[in-house]
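**Q** One structure coming up, written as structure tokens, with questions to follow.
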2 protein chains.
Amino acid sequence: MTTREHCLALDAQDSLAHLRADFALPEGVIYLDGNSLGARPAAAQERARQVLAEEWGDGLVRSWNTAGWRALPERLGNKLAQLIGAAEDEVVVTDTTSINLFKVLVAALRVQANRDPSRKVIVSEASNFPTDLYMAEGLADMLQQGYSLRLVQSPEELPAAIGADTAVVMITHVNYKTGYLHDMAALTALAHECGALAIWDLAHSAGAVPVDLKGANADYAIGCTYKYLNGGPGSPAFVWVAPHLRDLVWQPLTGWWGHARQFGMETSYEPAPGIGRYLCGTQPITSLALVECGLDVFAKTDMQALRCKSLALTDLFINLVQQRCAKHPLTLVTPLEHAHRGSHVSFEHPEGYALIQALIERGVIGDYREPRIMRFGFTPLYTSFADVWDAAEILGEILDSGIWQQERFRVRHKVT
Amino acid sequence: MTTREHCLALDAQDSLAHLRADFALPEGVIYLDGNSLGARPAAAQERARQVLAEEWGDGLVRSWNTAGWRALPERLGNKLAQLIGAAEDEVVVTDTTSINLFKVLVAALRVQANRDPSRKVIVSEASNFPTDLYMAEGLADMLQQGYSLRLVQSPEELPAAIGADTAVVMITHVNYKTGYLHDMAALTALAHECGALAIWDLAHSAGAVPVDLKGANADYAIGCTYKYLNGGPGSPAFVWVAPHLRDLVWQPLTGWWGHARQFGMETSYEPAPGIGRYLCGTQPITSLALVECGLDVFAKTDMQALRCKSLALTDLFINLVQQRCAKHPLTLVTPLEHAHRGSHVSFEHPEGYALIQALIERGVIGDYREPRIMRFGFTPLYTSFADVWDAAEILGEILDSGIWQQERFRVRHKVT
């Protein structure tokens, strides 16, 4: 049985351990929810002060040029590109993941409409993150052109679901609920063989697992910066489009920032060449600027080193929980196979909600997702092996004690 | 002729003068561009520190509930509602102006499609803010249902342009270029008489002129918070929908935040009742939270008092410039009639671009808009009468000296 001392020894050998100092984590908390909201980089406070005092306060409107606000989507996109296998000038940070999904979904459907207008099906997983499904549903409803969603119940059903009627395969690379990691290259190849385009949502993989968009021959990708990338609460999302597809069509949210001549003040839209056409309206600069603090921590390491530690952390957590909590009705939802595991681990328990509340009271922050799923995110930049040991031990204590059965853990928040 | 001493006397009598202390304006600057980016409220720096340190840093993901992040769009919307003649629970602060325009445009077209599907025209002004026209153009292009834009060249042409084929009249209440203030009640009544719906963009009127959406019987309104509302660079925008129209149709950007059960994790979309359905994806919380600092300054006064001072400031500026710069080829673009004037003043000059650059070098910050327009915004919360006198005097000095003809003022920024 692994001991806490063994975990401390792993931490002592961990070449990434020093990066924890780059984050401002509160005392007494084991934070296993960086897959929902990443921790605050230590540098963010000073950067916020600078944006408010020097850029907004003193620079005022001049800062659009003098502080480089205008170039932020591209500049941050270039830093982010390195983490997802994209090249220079291929990514912009802007808007929300939902909005960016809408853009690429319409773009992909337009490309397909020009190639083979009979393709009307968007294939996805029923367990895909709901907002992705909602956005596709809302789009199909708006277009009234016969588009529909086909949802599979498990990754294994995908090959049979993709066919001659398929316009787009829209998949979240790491499933938010199960932690299942799809084989991006294989699934994209399958989509292409069937004449479909592949859209990848990297919300739970950018900064969490190595991603190679170009190596996988992907067509479109979107994702968020506030989870593993530690950009700040609700920080703007990103979008990438394969260069050979980028200039074929308009994306539909044709705001001024995506115009070929942003200050030409013309009455007609003409999209900028390149990824700039995926910009739309004026961006929330303070939140956008802080994304850089998170990205700059990644520049001190690389995704292979992070992946190595991530798998060691999730392996350890799975093993410890399965040993420590063996007599309780916990079911591992996340694949054991490394090739199919992201950087979070989900267990089902009939009273998962109450258990998560009891854990939070003890300082172990994971989260709950309907139905019955306890979700624990492991972020190699700031999660230690001792954290993992402590979290598993506290979960065991809570389960053994039955304290989670108390009423206060079972009352749902008003907004659920 | 008005003297600087007279202006100082006006400042001494100004019941709003003390509010300037609520803003952090740099020394040596006369800021006449609050219609592009509002000045920083003094309170914003501490609020940012709090969001980063306490809410993001210490609260982490718990702050969605404990720091009220989840309720921010509605809470800020309620504060903003009071400035635009809307009621409690009718406004949300979210996304960008462009995105919100897209939402209400699709919603309005859907309402009309259910009433009279033959209405396919969106009426607007050729001089409307370009992004509004671009968004409508992009939408019409996407829907492929025969929608088109009809653009008038002047406000006087609007009555003839609105007719039995008109689905929507989409107007920016105060024209960004000319400063022309439309009569919202009259134009809305005209639209309704013709069976059309009225969408109002309040970008240059929220916080600048009294707005009475409900009194004017308006149908939809959107606007931005980073101009006269001083929310911060690119801070999230707002959207209002008349209650009787709100629940008739979906807006098309159907993200999780607008779902009736946000954490139900369902596979199908069901819009929330009320204005909540106009939310979409996760919002940039830091930028969003700072909007409150700007709104809280407005709570110390009222729009009638602000309007009174705004007109006094713009009257003064027009008079001073017309006297001081009489021998130069300046043409007033903004209406002299108070009923049709917003809170900014535009003059045309053949070398407007170079003049604005020369003014900025002298510490007078206005902005330039194609073609030939010098734009000066007057923000009663922090603009003094002496500022106006000084700005007009400096403009006169620059014109007299011919310094603006120097090469350095004529070179355009790379991004224009």
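Rule-based calculations on the coordinates, nothing more; no lab input. Not measured: the values here are computed from a predicted model. So basically every Cβ, Gly included, is an ideal-geometry build from the backbone, and we count neighbours across all protein chains shown.
**Q** Roughly how many nanometres apart are two label points built 7 Å out from the Cα toward the Cβ at B:S268 and A:E361?
**A** Result for the modelled spin labels: 3.8 nm.
**Q** To continue, here is another question. With a Förster radius of 25 Å, plug the Cβ-Cβ distance of B:L8 and B:D296 into 1/(1 + (r/R0)^6) and report the FRET value to the nearest 0.05.
**A** FRET efficiency, B:L8 to B:D296: 0.30.
**Q** Report, to the nearest 10°, how far helix A:4-13 tilts away from the longest principal axis of the Cα atoms in chain A, using its own Cα long axis and a range of 0 to 90°.
**A** Value to nearest ten degrees: 40.
**Q** What shape does the range A:39-84 have by the C-alpha gyration tensor, where a ≥ b ≥ c are the square roots of the eigenvalues, rounded means a/c under 1.5, and otherwise prolate means a/b greater than b/c and oblate the rest?
**A** It is oblate, given that a/c is not under 1.5 and a/b is not larger than b/c.
**Q** Then there is this: Order these peptides, A:298-304, B:352-358, by their mean beta-carbon neighbour count within 10 angstrom, highest first.
**A** Result, highest mean first: B:352-358, A:298-304.
**Q** So what's the convex hull volume per residue for the Cα atoms of the range B:178-295, in Å³?
**A** 123 Å³
**Q** Hey, which of these cross-link pairs are over 30 Å Cα-Cα: B:K103/B:K214; B:K300/B:K327; A:K214/A:K300?
**A** B:K300/B:K327
**Q** Continuing with the same structure: Just to be sure I understand the curve: with the Debye formula and one point per C-alpha of chain A, what is log10 I(q)/I(0) at q = 0.08, 0.10, 0.13, 0.15 Å⁻¹?
**A** For the requested q values the scattering log ratios are -0.45, -0.71, -1.14, -1.39.
**Q** Let me ask something additional. Can you give the FRET efficiency to the nearest 0.05 for A:A312 and A:R412, using r as the Cβ-Cβ distance and R₀ = 45 Å?
**A** Using R0 = 45 Å, I get an efficiency of 0.80.
**Q** Hey, got the dipole for chain B? About the Cα centre, +1 on K and R Cβ, -1 on D and E Cβ, debye to the nearest 20?
**A** Roughly 500 debye for chain B.
**Q** Run lengths n ≥ 4 of DSSP H only: what is the helix-derived mean residue ellipticity at 222 nm for chain B, with -39500 (n - 2.57) per run over all residues, to the nearest 500?
**A** It lands at -10500 deg cm²/dmol.
**Q** Given H placed on each backbone N at 1.01 Å, which residues far from A:G223 in sequence or on other chains put an amide H within less than 5 Å of it?
**A** Excluding prolines and chain starts, which carry no amide H, the hits are A:L202, A:F238.
**Q** Can you compute the modelled spin-label distance between B:D247 and B:H338, with each label point 7 Å from Cα toward Cβ, in nm?
**A** The modelled label-to-label distance comes out at 4.2 nm.
**Q** Please determine, in degrees from 0 to 90 and to the nearest 10, the orientation of helix A:72-81 with respect to the longest principal axis defined by the Cα atoms of chain A, where the helix direction is its Cα long axis.
**A** So the helix axis and the longest Cα principal axis differ by about 60 degrees.
**Q** What average number of partner chain Cβ atoms lie no more than 10 Å from the Cβ of the residues making up A:90-102?
**A** 4
**Q** Give the angle, between 0 and 90 degrees and rounded to the nearest 10, that separates the Cα long axis of helix A:130-143 from the longest principal axis of the Cα atoms of chain A.
**A** 20 degrees
**Q** Rounded, prolate or oblate: pick one for the range B:212-253, where a ≥ b ≥ c are the square roots of the eigenvalues of its C-alpha gyration tensor, a/c under 1.5 means rounded, and failing that, prolate if a/b is larger than b/c, else oblate.
**A** Oblate, since a/c reaches 1.5 and b/c is not below a/b.
**Q** With labels modelled as points extended 7 Å from the Cα through the Cβ direction, what inter-label distance (nm, one decimal) is found for A:D212 paired with A:E156?
**A** 2.8 nm
**Q** In nm, what does the list of distances from A:T3 to its counterparts in the other copies look like, shortest first, when each label sits 7 Å along Cα to Cβ?
**A** 9.1
**Q** Might you report the magnitude of the Cβ-based charge dipole of the protein assembly as shown about its Cα centre, with Lys and Arg at +1 and Asp and Glu at -1, to the nearest 20 debye?
**A** For this selection, approximately 340 debye.
**Q** Here's another thing I want to ask about it. Stretch A:S15-A:A71 to full length: gain in nm at 0.36 nm per residue minus the Cα-Cα span?
**A** 16.7 nm
**Q** For the pair B:E54 and A:I403, what calculated FRET efficiency results from E = 1/(1 + (r/R0)^6), where r is the Cβ-Cβ distance and R0 = 22 Å, to the nearest 0.05?
**A** Taking R0 as 22 Å, the efficiency between A:I403 and B:E54 is 0.20.
**Q** I've got another one for you. Mind telling me which of A:R75, A:R324, A:R261 comes out most flexible in a GNM of chain A, alpha-carbon contacts under 10 Å?
**A** With Cα springs under 10 Å in chain A, the top fluctuation among A:R75, A:R324, A:R261 is at A:R261.
**Q** Just report the Cα centroid separation between the range B:1-48 and the range A:326-385, whole Å.
**A** Taking the Cα centre of the range A:326-385 as reference, the centre of the range B:1-48 is 53 Å away.
**Q** Separate question: Per q in 0.17 1/Å, what log10 I(q)/I(0) does a Debye calculation on the alpha-carbon atoms of the range B:160-233 return?
**A** For the range B:160-233 at q = 0.17 Å⁻¹, log10 I(q)/I(0) is -0.62.
**Q** Another question about this same structure. Could you work out the mean count of beta carbons from other protein chains within 10 Å of each residue's beta carbon in B:72-81?
**A** Across B:72-81, the average partner-chain Cβ count within 10 Å equals 0.
**Q** Follow-up question, since we're still on this one. For the protein assembly as shown, compute the orientation-averaged projected area of the C-alpha convex hull (one quarter of its surface), in nm².
**A** Mean projected area of the Cα convex hull: 33.8 nm².
**Q** A follow-up question, please. With the dipole of chain B worked out from charges on the C-beta (+1 for Lys and Arg, -1 for Asp and Glu) around the Cα centre, which of B:L245, B:S148, B:T166 lies farthest toward the positive end?
**A** Result: B:S148, furthest along the dipole toward the positive end.
**Q** If you take each beta carbon of peptide A:367-373 and count the beta carbons of other chains within 10 angstrom, what is the mean?
**A** Partner Cβ neighbours, averaged per residue: 2.
**Q** Considering only the other residues whose Cβ falls under 9 Å of the Cβ of B:P380, what net charge follows from Lys and Arg at +1 and Asp and Glu at -1?
**A** +1
**Q** For the range B:106-255, report the convex hull volume of the alpha-carbon atoms normalised per residue, in Å³, without decimals.
**A** 115 Å³
**Q** Once fully extended, how much extra length lies between B:A126 and B:E27, figured as 0.36 nm per residue of separation less the alpha-carbon to alpha-carbon distance?
**A** Gain on extension, B:A126 to B:E27, equals 31.8 nm.
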